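Asks: Provided herewith is a single structure, encoded as structure tokens, for subsequent inquiry.
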Amino acid sequence: MNKDILNSSIEAQHSNHGAVSYRTSTTSGYFVGPKVTTLDPLSYGHEKKGSAPPARATIYWKDSALEVGGSRKHLDSVSSKVGGFFSLCVSSIHPSTIELTTRGSPRTREWRWSTQAYTVAFNNNQWTAAPTHNPHAAAATLSPYKRHFFSSSEQPVLSLAPGLGAEEETFLILVMLYMETKRLEKNQATSDAAVGAGTT
């Protein structure tokens, strides 16, 4: 996979299907930013009895919406901020918990496509999606592209845990792609601001 995670192929280790191949493709607006990103499952390994293949999905950046398996939902309906100061204080008692739920912010964001709520956090250069009620049980992880100048760059690594429904796992992949893109945009904005400050 190349470093543009929104226009590339993704190889995933899928507990239900073995190795899975996805493709992301993105259209851009006339000025800045992505417009629509589509996630297509290209192939998957031996299908376990009773398990459905991965679903097709889309991120509508300008409309702030996600679509999974033909169902489209606004970001406000699938994510919400939870916690607050009290939650931060309680989580701070347990360092392992704060790593996954509240690090860097007094509030955390939950993501929910159906009934199960997930916390998606970036720690140790990896995105982890875990059930809110059990933050140590990772449902999906994504290690982003890491560029190395004097050795081979590390390609993104996606892993999916067993027990996830087709739409649920695709939703989590979309969320991690969304969060990684926002993280890179924030890093770029910070870098640009630092360069601008240095030239004034």
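The values are calculated or read from the model by the stated rules, or taken from the named source; none is laboratory data. Remember, predicted model here, so these are calculated numbers, not experimental data. All Cβ positions, even for glycine, are placed from backbone atoms using ideal geometry, and neighbour counts span all protein chains on display. Accessible surface is based on the protein model in full, side chains and every heavy atom, while ligands, DNA and RNA are left aside. Shrake-Rupley method; radii C 1.70, N 1.55, O 1.52, S 1.80 Å.
Asks: Between Gln116 and Glu185, what is the spin-label point distance in nm, taking each point 7 Å from the Cα along the Cα→C-beta axis?
Replies: 2.8
Asks: In nm, to one decimal, how far is the Ser159 label point from the Lys146 one, both placed 7 Å along Cα→Cβ?
Replies: For the pair Ser159/Lys146, the computed spacing is 1.4 nm.
Asks: Report Val82's accessible area, 1.4 Å probe, all protein chains in place, as a number in Å² to the nearest 10.
Replies: So the heavy atoms of Val82 present about 40 Å² to solvent.
Asks: Amide H neighbours of Ala65 under 5 Å, at least 5 residues apart or on other chains, H built in the peptide plane: list them.
Replies: Amide H neighbours of Ala65, under 5 Å, 5+ apart: Tyr60, Leu75.
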